[in-house]
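The values are calculated or read from the model by the stated rules, or taken from the named source; none is laboratory data. Everything numeric in this text was worked out from a predicted model, so none of it was measured. We place every Cβ from the backbone using ideal geometry, glycine too, and count neighbours over all the protein chains shown. Side chains are part of the model used for accessible areas, which takes the heavy atoms of the whole protein and leaves out ligands, DNA and RNA. Shrake-Rupley method; radii C 1.70, N 1.55, O 1.52, S 1.80 Å.
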Amino acid sequence: MFELPSLPYEFAALEPHIDARTMEIHHGKHHQAYVNNLNNAVKGNAGEGKSLEELMANVSKHSMAVRNNGGGHWNHSLFWQLMSPAGGGNPEGKLLADITAAFGSVESFKEQFNTAATTRFGSGWAWLVVHDGKLVVTSTPNQDNPLMDIADVKGTPILGLDVWEHAYYLHYQNRRPDYINAWWNVVNWKKVAELYTAAH
Ligand code: MN3
């Protein structure tokens with residue numbers, strides 16, 4: 001059985017950038033629903049007993065419910081860890097060096113990531129992934145992610161941003177770019193660096 005991971009901080013910890021009510025509903029209602037629906041979706045079929053990573057890697061062989069809710073569970077479990085009240089600023093060390101080498105500068109990287117996040121039509125995610133040892137910016141629709149066998153650009157996500165309206169509408173309404181700009185203030189670069197080390 002999959003379970004909702006607890007948040008590593010209080011609902012209000014990311015204010016004023018991400019408001020407490022949004023965090024409470026996003027984690028307690030939306031993420032919980034992905035967990036519940038995923039448990040139901042694998043019950044009594046080939047998905048039962050598989051790890052989330054196994055489900056993602058072979059998602060084309062499973063139902064749409066596994067794709068949507070398995071992705072939802074995996075994406076949000078990562079997303080909570082990628083934010084911190086002590087976040088913001090810039091990456092450091094090898095991650096900084098490699099982002100600079102790949103994109104020209106941290107600013108250019110953020111611009112490319114922001115464009116991916118802003119132009120993702122409807123609901124989805126923007127990602128920084130490690131693909132064949134290289135850093136690549138991409139985006140996915142709905143709850144898809146780059147670990148899925150159906151993804152256009154595959155790779156190991158080390159940074160991801162939820163651009164579903166449920167992630168920002170209470171506080172930012174239709175202003176997705178304002179939400180994206182504010183989100184950089186809570187990015188947990190320490191966690192991103194850990195994931196980068198593990199991914200290449
Ligand atoms: Mn969400």
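A few notes on this one:
- Evaluation of Ala57 against (1) among the hydrophobic types (A, V, I, L, M, F, W, C); (2) away from the ligand (no atom under 16 Å from the Cβ); (3) buried (at least 19 other Cβ atoms within 10 Å of the Cβ) (one fails), failing number: (3)
- Consider the stretch 14-36 and keep the residues that are crowded, with 18+ Cβ neighbours inside 10 Å and part of a helix (DSSP H, G or I). The one that is farthest from the ligand (Cβ to nearest atom) is Leu14.
- Given (1) more than 16 Å from the ligand (Cβ to nearest atom); (2) outside any helix (DSSP H, G or I), index of the condition Ala65 fails: (2)
- Residue within the stretch 162-178 that is modelled with pLDDT of 95 or more, among the basic types (Lys, Arg) and either open to solvent by less than 20 Å² (accessible area, probe 1.4 Å) or within 16 Å of the ligand (Cβ to nearest atom) (or both) present: yes
- Scope the stretch 168-196; condition without any contact (Cβ under 8 Å) to a residue 24 or more places away in the chain and of a type in the set (S, T, N, Q); matching residues: Gln173, Asn174
- Pairs where the first residue, in the stretch 151-167, is among the aliphatic types (A, V, I, L, M) and the second is in a loop (DSSP other than H, G, I, E, B) and away from the ligand (no atom under 14 Å from the Cβ), C-beta under 9 Å, 6+ apart: Val153/Pro146
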